[in-house]
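Structure first, commentary second.
The values are calculated or read from the model by the stated rules, or taken from the named source; none is laboratory data. Because the structure is predicted, anything quoted here is derived from the model rather than measured. FYI the Cβ positions are ideal-geometry reconstructions off the backbone, even for glycines, and counts take in every protein chain you see.
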């Protein structure tokens, strides 16, 4: 069973994190809206524009005294034209956000001009077409005109959308002169099941995933991220889907050969090996980005790092999805963790119980956030606590207050679509985000940039 987080409140209430088997529930952000959702969102935005006076882009303001990251996730279906991108940035600016995570890569495709991944069907009408405009170029320009940072949001290991036969049928070769999708040229890069078979399409899941045990998969992701940083004036790179679908996957020939023996004879070693493969993927991406330019690498990560720390009967980032967030930061490969804590603050601290009879368990938001702050603190890297925009606004305010008390470096709100549809952005801008804030300094990034500049300076 798969529980999905959508952009609206009713579905958000259905989210849970249960056991660590393939039959257990898993937290997922829905990466495709319901059929009519895009139409409703566009109509809603047009209505907003009709009743609200237009505000011309404001130039970057003087650096505020307060330092607090306020990131806003903007999904790839939240925009469809230069005008809608400008509106996204207007709303983000008015609500006093200072970072926009702008999605430009979903199922190993591109919503920008790329010679590495094929053009998205959402941008070109078919996979691998020729784009007539560049959303990332527009987003960078519009964000910077309003003093906002723009971070390129990249899905890391999601290969292709696989819920339905219709989605699978859209995986086709590109037009002449455009790059093919990696699964067209390299079907062997797909995740394999415990039965040593590649993930089928369709499979009822969101994606066919790519295996980090294939060296070329890691290299391709690193090249994509570095290419974006090289060609666009982005202020950072934000990774999503940087994990396994669950513990039942990873049995591709390349991974098995590298492991060297039967996983059944060494389950702990097999789990550790897959965790190291994801960590290696993050490391190679980080190094490729920084070889071009020193910008922060962030990641949307599982809300529960290790369920054994609480004794919860839940899934676990480090144990089930092989996502060692704190290890990445400790190694210097991750600058910001954004744990996807899309839940309520529980009445009883650190509880894992339904909020009401008949509902699914609600892992305590405050407990998960405090755990990530504690785990990341020794690394010196930052935590941006996630807040689900579909929650009641009073709950969002409470989470911001508690997050500040627990020492987070900022917040990441999911997502623009929900925030715009509910109008909560106005309440943020006049409430807990009333005072503008600057993105917190990252001393290690400044030091690395200075060192690189000194190394490239000509000798006297």
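Only residues that are part of a helix (DSSP H, G or I) and either within 15 Å of the chain's Cα centre (by Cα) or surrounded by 21 or more Cβ atoms within 10 Å (Cβ to Cβ) (or both) were counted across the stretch 227-266, and they come to 3. How many residues does the stretch 223-280 hold that are touching a strand residue (DSSP E or B) at 6+ places or on another chain (Cβ under 6 Å) and either without any contact (Cβ under 8 Å) to a residue 12 or more places away in the chain or within 26 Å of residue 440 (Cβ to Cβ) (or both)? The number of residues fulfilling the criteria is 11. Scanning the stretch 115-132 for residues being assigned to a loop (DSSP other than H, G, I, E, B) and either buried (at least 24 other Cβ atoms within 10 Å of the Cβ) or in contact with a helix residue (DSSP H, G or I) (Cβ under 7 Å, 6 or more places away or on another chain) (or both) gives a total of 8. Test residue 426 against the criterion of being modelled with pLDDT of 95 or more, part of a helix (DSSP H, G or I) and within 28 Å of residue 324 (Cβ to Cβ), and give yes or no. Spelling it out, it is not the case that residue 426 is modelled with pLDDT of 95 or more, part of a helix (DSSP H, G or I) and within 28 Å of residue 324 (Cβ to Cβ).
If you go through the stretch 319-351 and keep only what is more than 17 Å from the chain's Cα centre (by Cα), surrounded by fewer than 22 Cβ atoms within 10 Å (Cβ to Cβ) and in contact (Cβ under 8 Å) with a residue 24 or more places away in the chain, you end up with 319, 327, 330, 331, 332, 344, 345, 350.
In the condition set (1) part of a helix (DSSP H, G or I); (2) touching a strand residue (DSSP E or B) at 6+ places or on another chain (Cβ under 7 Å); (3) free of Cβ contacts under 8 Å to residues at least 60 places away in the same chain, residue 140 is compliant with all but (3).
Every condition in (1) assigned to a helix (DSSP H, G or I); (2) in contact with a helix residue (DSSP H, G or I) (Cβ under 6 Å, 6 or more places away or on another chain) is met by residue 447 except one, and the failing one is (2).
Scoring residue 93 on the criteria (1) more than 20 Å from the chain's Cα centre (by Cα); (2) surrounded by fewer than 23 Cβ atoms within 10 Å (Cβ to Cβ); (3) within 27 Å of residue 408 (Cα to Cα) leaves a single failure, condition (2).
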